[in-house]
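Structure first, commentary second.
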């Protein structure tokens with residue numbers, strides 16, 4: 001009887017150890033399944049540079065960073081001056097509605113005090129490339145807003161007091177595309193550096209930011225004073 005009891009105890013202990021091993025294995029397998037999903041949502045080593053475009057160059061893919069020599073298609077290389085401060089640049093650029101053509105907006109931005117007055121040499125500029133995979137966006141924000149990503153339409157831009165405009169100007173705001181990227185525009189580029197030089201990395205997103213002045217609401221007219 002005693003031997004049978006001891007044997008039963010050993011059997012229970014063996015089954016418990018096996019279940020523990022199986023449970024640990026399932027836990028590790030679940031972690032392995034979850035890991036790729038989190039890596040897709042995270043953006044390790046992501047960098048953002050903002051400033052005024054100084055130069056736009058067309059480069060063949062064979063000369064572009066990380067490309068072979070199989071294709072002769074071209075991409076764009078942007079040289080950006082991050083020393084151009086948004087508040088200074090937007091001060092003489094803002095308008096109620098951005099209705100100008102991309103070329104007109106760029107030409108006006110190139111004459112900004114923040115563009116012409118900031119030094120730009122090889123040591124203080126950022127160089128990124130715009131490829132087929134790069135997403136080009138247009139955002140709007142007030143001249144005093146230096147931190148937000150911006151709004152998708154001029155009507156959503158708020159004043160310094162936090163109020164949105166109740167005036168809805170006519171016309172359609174310009175939407176920038178890759179071919180509209182020109183010197184003089186203020187952009188924010190997001191990229192992941194692929195080397196130590198940080199020159200010519202491919203941008204995942206390039207956002208053209210347009211300065212919008214929120215118009216004052218016209219006060220309601222009351223009865224004339226007697």
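The values are calculated or read from the model by the stated rules, or taken from the named source; none is laboratory data. All of these numbers come straight from a predicted model, not from anything done at the bench. Here the Cβ is made from the backbone with ideal geometry for all residues, glycine too, and neighbour counts use every protein chain on show.
Some observations on this one:
- Top-ranked residue of segment 64-80 - restricted to ones that are farther than 15 Å from residue 208 by Cβ and surrounded by 13 or more Cβ atoms within 10 Å (Cβ to Cβ), ranked as modelled with the lowest pLDDT: 67
- When the residues of segment 134-150 are filtered to those that are surrounded by fewer than 16 Cβ atoms within 10 Å (Cβ to Cβ) and out of contact with any helix residue (DSSP H, G or I) (no Cβ under 6 Å at 6 or more places or on another chain), the one that is modelled with the lowest pLDDT is 147.
- Residue 162 fulfils the conditions (1) surrounded by 12 or more Cβ atoms within 10 Å (Cβ to Cβ); (2) at pLDDT below 90; (3) more than 22 Å from residue 100 (Cβ to Cβ) except for a single criterion, (1).
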